[in-house]
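Each remark here refers to the structure printed beneath this line.
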Amino acid sequence: MFETDLILVGFGNVGRRFVRLLDERASSLRGEHGLDWRVVAIATGRHGAAWNLDGVDVERALALVEGGESLDALASHAAPAAAAPRARGASSVAIIEQVAAAARASGSTRHLVVVETTVLDIAAGQPAIDHVRAGLRAGAHVITANKGPVAFAHSELSSLADETRRRFLFEGAVMDGIPVFNMVRAALPAVRIHGFSGVVNSTTNFIITAMEGGREFGEALAEMQAAGIAEADASLDVDGWDAAAKAAALANVLMGAETTPQRVERSGIGAATGTLARAAVGKGRRLKLVARGRRLEGGVVVSVGLEELPAAHLFATLDGQQNALVLETDLLGAFSIVQLGGGLTQTAYALVTDLVALART
């Protein structure tokens, strides 16, 4: 049995869906995968924090956060020992360090795992990178659905994971729970990836599809925000930054690039894109926001931009929130991964798959 204590850094839509999904799949996760877990800490930016080595009351934590209240209400009974510091006002990094130190002092043999689901910072990938660093240095494995650490610091963090003999996993960074990184890692030994292309942002593809049918840009974006699919800062989606971060992550992990989203040639969509999308349909074509990466002599070149594609093109067949990724390899040629539906559950499931991957190894 793989017994694990979870430190949740971030407790927004994805983090809350993750803990509910663990509960919904408890029987199969324990019985088929030997995974036993408990949440020992929750640290948030807006709702305070609480921790308890005997386990945080997750149901109460869910109720507090969804009711707009603070997790500090749990702090009065969250200290695992008299000497434990209060969670109130402590940074997420400090809480990771405190919980890890308390676990070591208690002699616990359970595996500590940091689950990082904070909001993407497109400027530098912070504070998510610091959260991953702190977790690895404290002796915890780290799993994340945040694109920032992989897009800005994959090489550094992977090296740190090797040094500390811990795992750094991030399947949810691209295409939700559809296996991309885990598939390449486990199923494509000795294969060299020369390039990739893809429609990798669900929000922009939904908006473009909606505008083809005559809907307004703002109306379609609002629907994605209401569903919790669009980023908290919608400009990350519509300005192409989310796709750029995913493209940087793909290039860094699959092609050994040392790039960042700022180095990705990028364009996004806006209200005027509707006119272009409808004009493309009138010509029997479709407009898509496409991410591309290609290995050239001078390095890996990565871009995100609008492309008008023939109707028979794979990407032109994608409607709504559908995504697709094409990998170009030396041994297998080009092959595609298509996601016909995505959302909160799929992103949360990616975290579950990474947790199961830890249990298997």
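Compared with the dominant principal axis of the Cα atoms in the chain, helix 128-137 is inclined by about 40°.
Of the residues 107, 346, 7, the one whose Cα sits farthest toward the positive end of the charge dipole of the chain, with +1 on the Cβ of Lys and Arg and -1 on the Cβ of Asp and Glu, is 107. For the chain, a crude dipole built from +1 on the beta carbon of Lys and Arg and -1 on the beta carbon of Asp and Glu, taken about the Cα centre, is about 500 debye to the nearest 20. For segment 111-238, dividing the convex hull volume of the Cα atoms by the residue count gives 131 Å³ per residue. Which lysines does residue 246 reach when only Cα atoms under 18 Å apart count, and residues fewer than 8 places away in its own chain are ignored? Reachable lysines: 147, 288.
Here segment 1-58 is assigned +1 on the Cβ of each Lys and Arg and -1 on the Cβ of each Asp and Glu. Its dipole about the Cα centre then comes out at about 340 debye.
Taking 1 over the mean of 1/r across every pair of different Cα atoms in the chain, what Kirkwood radius in Å do you get?
Values: mean 1/r = 0.0474 Å⁻¹.
It works out to 21.1 Å.
Dipole magnitude for segment 191-340: about 440 debye, using +1 per Lys or Arg Cβ and -1 per Asp or Glu Cβ, origin at the Cα centre. Farthest toward the positive end of the dipole of the chain, out of 21, 196, 334, is the Cα of 334, where the dipole comes from beta carbon charges about the Cα centre.
Listed by chain and number, the aspartates and glutamates whose alpha-carbon sits under 13 Å from that of residue 283, ignoring those within fewer than 8 places in the same chain, are 212, 308. Remark on segment 156-303: hydrodynamic radius 16.8 angstrom, per the Kirkwood mean of 1/r across alpha carbon pairs.
Taking segment 7-72 on its own, what percent of its Cα-Cα pair distances exceed 19 Å?
Working: 649 of 2145 pairs.
Here the tail beyond 19 Å accounts for 30 percent of pairs.
Taking every DSSP bridge with both residues inside the chain, close to 60 percent are antiparallel. Helix 92-106 against the longest principal axis of the chain: what's the angle in degrees, Cα atoms only, rounded to the nearest 10? The answer is roughly 40 degrees.
Considering just Cα atoms, how many Å³ per residue does the convex hull of segment 124-167 enclose? Before the final figure, lay out each step's value.
Values: hull volume 2.3 nm³, N = 44.
Hull volume over Cα atoms, normalised by residue count, gives 52 Å³.
Projecting the Cα atoms of 267, 47, 159 onto the charge dipole of the chain, computed from C-beta unit charges around the Cα centre, puts 159 farthest toward the positive end. The C-alpha atoms of the chain define a longest principal axis, and helix 217-226 lies at about 20 degrees to it.
Could you order peptides 41-51, 61-71 by the average number of other Cβ atoms within 10 Å of their residues, highest first?
41-51, 61-71
Read the figures in this text as sums done on the coordinates, not as results from a lab. What you see is a predicted model; the values in this text were computed from it and never measured. Cβ sites come from the backbone with ideal geometry, for glycine too, and all protein chains shown count toward neighbours.
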